[in-house]
Amino acid sequence: MLRRHPDLGTGARRTLERRIRRWRALHGEEEVVFRQAHESGRMGLSDFTDMADLAVIVAGALLDHRLYHFRLVWSGFEHAHLVLGG
């Protein structure tokens, strides 16, 4: 929230939590959903996963590798790449 609206003070999250708590007290424990609007080209998700637990053996030797995964939030485009050697 603060990334998209830097003019909001640091108390904005606390205010939102207080308002949600008040709403739940009046209306019950219904789930509150805030829809996110993603703009094209604005955000990507990036992650490395250590694959050592898989114990992949190639030519009799343990393969030391990680998996890199990237996803564009708006389009859902994904790319995965094997990274050798750690």
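Observations on the structure shown:
- Derived scalar couplings ³J(HN,Hα) [the range 66-83; Karplus, 6.51 cos²θ - 1.76 cosθ + 1.60; whole Hz; x for Gly, Pro]: 10, 10, 9, 10, 10, 9, 7, 5, 5, 8, x, 4, 10, 9, 10, 9, 7, 10
- Rounded to the nearest 10 degrees, the angle from helix 12-27 to the longest Cα principal axis of the chain is 70 degrees.
- The chain - mean residue ellipticity at 222 nm from DSSP helices (-39,500 (n - 2.57) per run, n ≥ 4, rounded to 500): -6000 deg cm²/dmol
- Ordering Leu67, Leu84 from the fewest to the most neighbouring beta carbons within 10 Å gives Leu84, Leu67.
- Set against the labelled values (1) 4.9; (2) 9.5; (3) 8.4, mean projected area of the Cα convex hull in nm² computed from this structure falls on (2).
Quick note: the coordinates plus some simple rules give every number you see, no bench work behind them. Small disclaimer: the values here were computed from a predicted structure and weren't measured. FYI the Cβ positions are ideal-geometry reconstructions off the backbone, even for glycines, and counts take in every protein chain you see.
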